[in-house]
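Undergrad: Can you keep this structure in mind? I'll have questions shortly.
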Amino acid sequence: MVRVKSRYLLCEVNVPDRSRLLLLDDRAIVATVKAAVARTHGDYGAALCSVGFSVKYLNAHTGIVFLRFPKRCYKLLWSALPFITSVETRGQKIPCFLNCLHVGGTIRTCQKFLIQYNKQQLHRMLPKCKNKEEEQQVRKAILDCSLIGGNEEAFEDEFQSEEDEEEGPDSI
């Protein structure tokens, strides 16, 4: 018995209007990606990627998509992604592009990468907070995705050390 090897592509769907993300569904993403592969690589690419290709996860709120496809054709699919300019779903054409964040051999590695990526994004958002309430919400979100068991003291120590590093010798 031979195991079928797959690759998982973690992508982010970027749209100008975030409310339009809720219109996305997995069938529309599959059809759009297959059409892009067919346009760029012809019948050979379309046939190669049509077997075993699927959307394993789609979060319409964040725009995160996990694409699963056979290992032998991941380069074809990956090279076709920049040619996607819109997704047609429910009779509407949503202008967007797919930003490839990570290619992994398992869903688990993609999930680990996604957790780290979200943590980095939240740390980038923290200095841009306008008031204390917003800052507390971002800190809570960082705490939820980075700590197991709610060890808030460790988070505060980590956050303080990051602030000290940012200040550095230039700020004195």
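Undergrad: Based on this model, can you work out whether Lys112 counts as closer than 30 Å to Arg139 by Cα, touching a strand residue (DSSP E or B) at 6+ places or on another chain (Cβ under 9 Å) and loosely packed, with under 15 Cβ neighbours inside 10 Å? Reasoning before the result, please.
TA: Numbers: closer than 30 Å to Arg139 by Cα: yes; touching a strand residue (DSSP E or B) at 6+ places or on another chain (Cβ under 9 Å): yes; loosely packed, with under 15 Cβ neighbours inside 10 Å: yes.
Considered against the rule, which asks whether it is closer than 30 Å to Arg139 by Cα, touching a strand residue (DSSP E or B) at 6+ places or on another chain (Cβ under 9 Å) and loosely packed, with under 15 Cβ neighbours inside 10 Å, Lys112 comes out as yes.
Undergrad: Would you confirm, using the coordinates I've provided, whether Arg39 is in the same structural domain as Pro95 (by TED's automatic domain parsing), in contact with a helix residue (DSSP H, G or I) (Cβ under 7 Å, 6 or more places away or on another chain) and either surrounded by 18 or more Cβ atoms within 10 Å (Cβ to Cβ) or in contact (Cβ under 8 Å) with a residue 12 or more places away in the chain (or both)? Can you show your working first?
TA: Working: in the same structural domain as Pro95 (by TED's automatic domain parsing): yes; in contact with a helix residue (DSSP H, G or I) (Cβ under 7 Å, 6 or more places away or on another chain): yes; either surrounded by 18 or more Cβ atoms within 10 Å (Cβ to Cβ) or in contact (Cβ under 8 Å) with a residue 12 or more places away in the chain (or both): yes.
Taking the combined requirement at face value, the residue satisfies it.
Undergrad: Given the conditions (1) within 30 Å of Leu143 (Cβ to Cβ); (2) modelled with pLDDT of 90 or more; (3) of a type in the set (Lys, Arg), which single one is not true for Lys93?
TA: Answer for Lys93: the failing condition is (1).
Undergrad: Further question: I'd like to verify a number: residues in the range 1-21 that are in a loop (DSSP other than H, G, I, E, B) and free of Cβ contacts under 8 Å to residues at least 12 places away in the same chain, how many? Give the steps one after another, and end with the answer.
TA: Kept after step one, since they are in a loop (DSSP other than H, G, I, E, B), are these residues of the range 1-21: 1-5, 15-17.
Still in the list and also free of Cβ contacts under 8 Å to residues at least 12 places away in the same chain: 1-3, 17.
Of the residues in that region, 4 qualify.
Undergrad: Can you tell me how many residues in the range 66-83 are in contact with a Phe, Trp or Tyr (Cβ under 6 Å, 6 or more places away or on another chain) and not aromatic (Phe, Trp, Tyr)?
TA: Keep residues of the range 66-83 that are in contact with a Phe, Trp or Tyr (Cβ under 6 Å, 6 or more places away or on another chain), which gives 66, 68-69, 77.
Narrowing the set further to residues that are not aromatic (Phe, Trp, Tyr) leaves 68, 77.
Summing the residues that are in contact with a Phe, Trp or Tyr (Cβ under 6 Å, 6 or more places away or on another chain) and not aromatic (Phe, Trp, Tyr) in the range 66-83 gives 2.
Undergrad: Just for strands (runs of 3 or more DSSP E) wholly inside the range 22-125: which have at least 3 residues that are under 21 Å from Ser6 (Cα atoms)?
TA: 54-59, 64-70, 97-104
Results for (1) loosely packed, with under 14 Cβ neighbours inside 10 Å; (2) out of contact with any Pro (no Cβ under 9 Å at 6 or more places or on another chain), shown as yes or no for each residue.
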| position | (1), (2) |
| --- | --- |
| Val51 | yes, no |
| Leu58 | no, yes |
| Ile64 | no, yes |
| Arg68 | no, yes |
| Thr85 | yes, no |
| Gln92 | yes, yes |
| Arg124 | yes, yes |
| Pro127 | yes, yes |
| Glu134 | yes, yes |
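Here's the yes/no breakdown for (1) more than 20 Å from the chain's Cα centre (by Cα); (2) more than 15 Å from Cys100 (Cβ to Cβ):
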| residue | (1), (2) |
| --- | --- |
| Tyr8 | no, no |
| Thr32 | no, no |
| His41 | yes, yes |
| Leu48 | yes, yes |
| Phe53 | no, yes |
| Leu77 | no, no |
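The values are calculated or read from the model by the stated rules, or taken from the named source; none is laboratory data. Since the model is a prediction, treat every value here as computed from it, not as a measurement. In this analysis, Cβ positions are derived from the backbone assuming ideal geometry, glycine residues included, and neighbour counts consider all displayed protein chains.
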